[in-house]
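Input: a single structure, listed below in structure tokens.
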Amino acid sequence: MTKPDVRVRRVYDPPSAGDGTRVLVDRLWPRGLSKKTAEVDEWPKALTPSAELRRWYHGPSGEFEEFARRYESELADPEAAAALEDVRTLARAGRITLVTAAKDPDRSHTAVLRRLLLA
């Protein structure tokens, strides 16, 4: 079995023909972006970190490794786990691109999702 091809891009970057299935992994729709411009194929809101976890991470004591650990724990919730499995299925079928409004996708929940999908 081939390893899934999971890419990460900012949703504000123009879509590329090589993106495959574009999966928005943010709970809120990106500010100032139309659905037509974003060209999002899937939007599994259950995959996103809780509001409480996001606030903690962006607060004074937020640290990425601890955020990743807590986020993975949240992904064990049945609804989140089902959404993660749905995205895994998409990744097995062909290239997917996780799109996010996060300014630093490498230090966000998107990086955690990518790692889990590639595992």
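Here are a few things to note about the model shown:
- Filtered residues of the stretch 34-49 (kept if over 13 Å from the mean Cα position of the chain (by Cα) and in contact (Cβ under 8 Å) with a residue 24 or more places away in the chain): Ala38, Glu39
- Residue identified as over 18 Å from Asp13 (Cα atoms), in contact (Cβ under 8 Å) with a residue 24 or more places away in the chain and not in a strand (DSSP E or B) among Ala82, Ala76: Ala82
- Test for Arg114: is it without any contact (Cβ under 8 Å) to a residue 60 or more places away in the chain, closer than 15 Å to Asp26 by Cβ and among the charged types (D, E, K, R): no
- Filtered by the rule that a residue be among the charged types (D, E, K, R) and more than 15 Å from Glu52 (Cβ to Cβ), the stretch 70-86 gives Glu72, Glu79, Glu85, Asp86.
- The set of residues in the stretch 1-43 that are part of a loop (DSSP other than H, G, I, E, B), out of contact with any helix residue (DSSP H, G or I) (no Cβ under 7 Å at 6 or more places or on another chain) and closer than 12 Å to Ile96 by Cβ comprises Asp5, Gly20, Val40, Asp41.
- Selection status of Gly59, modelled with pLDDT under 95, more than 13 Å from the chain's Cα centre (by Cα) and on the phi > 0 side of the Ramachandran plot: no
- Number of residues in the stretch 61-102 that are of a type in the set (Phe, Trp, Tyr) and surrounded by 18 or more Cβ atoms within 10 Å (Cβ to Cβ) equals 2.
- Consider the stretch 12-28 and keep the residues that are hydrophobic (A, V, I, L, M, F, W, C) and modelled with pLDDT of 95 or more. The one that is surrounded by the most Cβ atoms within 10 Å (Cβ to Cβ) is Val25.
The values are calculated or read from the model by the stated rules, or taken from the named source; none is laboratory data. None of the values given here were measured: they were computed from a predicted structure. We place every Cβ from the backbone using ideal geometry, glycine too, and count neighbours over all the protein chains shown.
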